[in-house]
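Laboratory data are not the source of any read-out in this text; all were calculated from the coordinates shown. Being a predicted model, the structure only gives us computed values, none of them experimental. No Cβ is skipped: glycine too gets one built from the backbone with ideal geometry, and neighbour counts run over all protein chains shown.
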Amino acid sequence: MFLYILALVAIWFIYRWLRETKRVPNKGDKYVYITGCDSGFGNRLAWHLDELGFRVIAGCYTKEGESALRKLSSERLSTVSLDVTKSESVSKAAASIKTLVGEKGLWAVVNNAGVSVPSGPNDWLTIEDFKSMLAVNLNGVIDVTLSVLPLIKKARGRVVNVASVFGRISPFGGPYCVSKYGVEAFNDCLRLNMAPFGVKVLCIEPGFFKTSVTDTALVQNNLKKLWDRLPQDVRDDYGRVYLEKTLEGVDQRFNQLTDSDLMKVVGCMEHAITAVHPRYRYSPGWDAKFFWLPMSYLPTFITDAFFLSNTPKPIKSVL
Ligand SMILES: NC(=O)c1ccc[n+]([C@@H]2O[C@H](COP(=O)([O-])OP(=O)(O)OC[C@H]3O[C@@H](n4cnc5c(N)ncnc54)[C@H](OP(=O)(O)O)[C@@H]3O)[C@@H](O)[C@H]2O)c1
C-alpha cells in the first residue's frame, strides 16, 4: 500500500514537471513590461529576459537606472521613466507601450516596484506613513495593471504580481504586510476576472533576499528616525532598551535569513512569464517554503505565541 502511494506521488511529480517544462513560442515577438528595474529582482529579470530574446520594456524610477540598463543590454530592451505613485507617469508609460507593441499587444506586465520603509510598530507610525508605502506597493500595482490591461487582453498574456511571504503572514507592524495582503487580494480577484479572456494572473511570494528592501542600514535608520520623532509618552511605553534590542534583531535576522541568490526569484518570474502552464503561486526561498508558509497555516494562538516570544518586549509590557 505504502509503495503504491509512493508511486502515485512520484507519477504526479513527473507529470507536473513535464507539464511545467513546456515554454511559449516566438519570444522575439513578445513584449514584457517590468516595473522597478533600477535594482534588485526587476533589474536582474530585465537582463535575463533580454538575454532570452524577449522584448523587454523596463520601467525605471531614475535616469541613472535607465542609462545603466540600456548601456549593457541589447537593442530589444527599451526603458521608460516610471513613478508608480504618479498616475500621469503611469499613463504616459502606458501610452508609449501601446505605440511600441502595436497590434501584438503586451505579453506580460511584472508588478515588481516596491519599498520596505517606513516600518515599525503601528503606534510609532502616522497615516501618512501608511499612505506613502501603499501608494507604491499597492495602488501602484493596481494603477500599472489597469493602465495596460487592454493590451494584455489583446495578447492573451499575463499579469505577474510580486507580493511576499508577508502577504500571507503579518509578524511586524507598519504598512508593508498591509500592502502585500492587498496585492494578494488584487491578484486573486483579477485572476478570476481575467480567466474568461485567456489572461493568466500569477503571484510571486518571495522569502528574504539580499536587495535594497532588506538593507540592514536602511531598516535600522528608519527605526531610529521613527523613534526620534515619537512623543515622550510612547517612548516611555517602549523604553530605549526596546529600540536597541530591535535594532540588534534586525541585524541578526537579516544576516541569518537573507539569501543572496536573486536568481531563485528571477527564475520563478521567468517561469510565470514563459511557461505554457505557469503556477498560480511561487514561493522562492527556503525560508518561504519551510518556515513562513507553513507558519501561515498554523492557528493564530501558536503563531502569536511564537512571534511574541521572539521579539523584544516594551518596558511596560504586561505579558
Ligand atoms: N528582497 C526581498 O527580500 C523581498 C521579499 C519579498 C518581496 N519583495 C518584493 O520584491 C519587489 C522588488 O524588490 P527588491 O527586493 O528587488 O528591492 P529593490 O532593489 O529596492 O527594488 C525595488 C525597485 O522599485 C523601485 N521603486 C521604488 N519606488 C518606486 C516608485 N515610486 N515607482 C517606480 N519604481 C519604484 C526602486 O527604485 P530605486 O532603487 O531607485 O529606489 C527599485 O528599483 C518589491 O515589491 C518587494 O516588496 C522583496
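Values as computed for the structure displayed
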{"quantity": "For V115, residues with placed amide H under 5 Å, excluding near neighbours", "calculated": "N137"}
{"quantity": "Rh by Kirkwood over Cα pairs, then Stokes-Einstein D for region 185-319 at 1.002 mPa s and 20 °C, µm²/s", "calculated": "119 µm²/s"}
{"quantity": "Where labels lie 7 Å past Cα in the beta-carbon direction, separation of I5 and D236 in nm", "calculated": "6.0 nm"}
{"quantity": "Reachable aspartates and glutamates from K71, criterion Cα separation under 16 angstrom, eight or more residues apart if same chain", "calculated": "D38, D50, E51"}
{"quantity": "Where N is the number of residues in region 245-298, Cα Rg divided by 2.2 N^0.38 Å", "calculated": "1.44"}
{"quantity": "Calculated from backbone phi, Karplus (6.51, -1.76, 1.60) coupling profile of region 147-154 in Hz, x at Gly/Pro", "calculated": "5, 10, 4, x, 6, 6, 5, 4"}
{"quantity": "Per DSSP, loop chymotrypsin sites (Phe, Trp or Tyr not before Pro) in region 257-319 with at most 16 further Cβ within 10 Å", "calculated": "Y280, Y297"}
{"quantity": "Environment charge at V110 (Cβ cut-off 12 Å; Lys +1, Arg +1, Asp -1, Glu -1)", "calculated": "+1"}
{"quantity": "In sequence order, calculated HN-Hα J values of region 295-302 (Karplus, 6.51, -1.76, 1.60; Hz; x Gly/Pro)", "calculated": "4, 5, 8, 6, x, 4, 5, 6"}
{"quantity": "At R0 = 22 Å, FRET efficiency that the Cβ-Cβ distance of K131 and F254 yields, to 0.05", "calculated": "0.25"}
{"quantity": "Two-site FRET efficiency, T21 against A305, from Cβ-Cβ distance with R₀ of 51 Å, rounded to 0.05", "calculated": "0.75"}
{"quantity": "Most fluctuating residue given options A305, A46, A68, as computed from a GNM of the chain linking Cα atoms under 10 Å", "calculated": "A305"}
{"quantity": "Relative contact order computed over region 1-125 (Cα-Cα under 8 Å; 6+ residues apart), in percent", "calculated": "26 percent"}
{"quantity": "Between helix 40-52 and the chain: long-axis angle, C-alpha atoms, 0 to 90°, nearest 10", "calculated": "20 degrees"}
{"quantity": "Distance between region 254-295 and region 138-171 - C-alpha centres, whole angstrom", "calculated": "17 Å"}
{"quantity": "Choice from V165, V265, V250 showing the highest fluctuation, given a GNM over the chain with Cα pairs closer than 10 Å", "calculated": "V250"}
{"quantity": "Residues of type lysines that K289 reaches as a straight line, Cα spacing below 22 Å, ignoring anything fewer than 8 places off in the same chain", "calculated": "K180, K210, K264"}
{"quantity": "Rg and Dmax [Cα atoms of the chain; Å; Rg one decimal, Dmax integer]", "calculated": "21.1, 66"}
{"quantity": "Label point distance in nm, R76-F291, each placed 7 Å from Cα along Cα→Cβ", "calculated": "3.7 nm"}
{"quantity": "All-pairs alpha carbon distance profile, region 78-176, 5 Å steps from 0, percent", "calculated": "2, 13, 20, 21, 16, 11, 8, 6, 3, 1, 0"}
{"quantity": "Pairwise label distance in nanometres, K153 with D228, each label 7 Å out on the Cα-Cβ vector", "calculated": "5.0 nm"}
{"quantity": "Enclosed volume per residue, in Å³, of the convex hull spanned by Cα atoms of region 1-118", "calculated": "161 Å³"}
{"quantity": "Karplus-derived HN-Hα couplings along region 221-230 (A = 6.51, B = -1.76, C = 1.60, θ = phi - 60°), whole Hz, x at Gly and Pro", "calculated": "4, 4, 5, 5, 4, 4, 4, 4, 9, 5"}
{"quantity": "Computed lengthening from S87 to D261, 0.36 nm per intervening residue step minus Cα-Cα distance", "calculated": "59.3 nm"}
{"quantity": "Convex hull projection area averaged over all views, region 120-252, Cα basis, nm²", "calculated": "9.0 nm²"}
{"quantity": "Cβ-defined net charge surrounding K27, 12 Å radius [Lys, Arg +1; Asp, Glu -1]", "calculated": "0"}
{"quantity": "Rounded to 10°, Cα long-axis angle of helix 240-257 versus longest principal axis of the chain", "calculated": "30 degrees"}
